[in-house]
Amino acid sequence: NDAQCSSGRVCISNTCKAPIDLSLSTSGPTSITPGSIIQLIETITNPSSFIAFGIKLIANIPNGFTFNPGQSDSRCGVSSSGQVVCGDYQVNPNGSTNINISLNAPNSTTSSGAIISSNISLNTVSQV
């Protein structure tokens, strides 16, 4: 229970866990060809000395783009709100993991990779 957890720790299912400050970065193309498949790599980094587990990534899809499940990480799918949801991940201490997300570009677009990265960077990462 909560009384058993020391200050600065989170109690989940009667287990004490240290809060972990994960970071998220996105890499992808610098330009987009209309109708092409865009490959994005989301990197979750765990700078702590604890294992981070139960991690879920939520990505907003830019307008006009659609999720491509066949070329994305098998733990990713689309939620009822239209966001890409990926999980359940574990990241070892001082380690990182890459999540591949593929999007189909609309047949007519003038967006740049920087715009997609900006939209995608609104992702959230949570530890359960």
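Selection of the range 71-109 for residues being of a type in the set (Ser, Thr, Tyr) and touching a strand residue (DSSP E or B) at 6+ places or on another chain (Cβ under 6 Å) yields SER72, SER79, TYR89, SER96, THR97, SER102.
For every residue, the table says whether it meets (1) more than 20 Å from SER25 (Cβ to Cβ); (2) at pLDDT below 95.
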position: ALA59; (1), (2): no, yes
position: VAL78; (1), (2): yes, yes
position: VAL84; (1), (2): no, yes
position: GLN90; (1), (2): no, yes
position: SER102; (1), (2): no, no
position: ASN107; (1), (2): yes, yes
position: SER118; (1), (2): no, yes
position: GLN127; (1), (2): no, yes
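Restricted to strands (runs of 3 or more DSSP E) entirely inside the range 36-113, those with at least 3 residues that are open to solvent by less than 40 Å² (accessible area, probe 1.4 Å) are 37-46, 52-59, 84-91, 95-104. A Cβ distance below 9 Å, combined with a sequence gap of six or more or placement on separate chains, defines the contacts here; from the range 29-42, residues that are at positive phi reach residues that are surrounded by fewer than 12 Cβ atoms within 10 Å (Cβ to Cβ) in the pairs GLY35/ASN107; GLY35/SER108. Residues in the range 20-35 that are assigned to a loop (DSSP other than H, G, I, E, B) and polar (S, T, N, Q): THR30, THR33.
The values are calculated or read from the model by the stated rules, or taken from the named source; none is laboratory data. What you see is a predicted model; the values in this text were computed from it and never measured. Here Cβ is always computed from backbone atoms with ideal geometry, including for glycine, and neighbour counts include all displayed protein chains. What goes into the accessible areas is simple: the full protein's heavy atoms, side chains included, and nothing from ligands, DNA or RNA. Shrake-Rupley method; radii C 1.70, N 1.55, O 1.52, S 1.80 Å.
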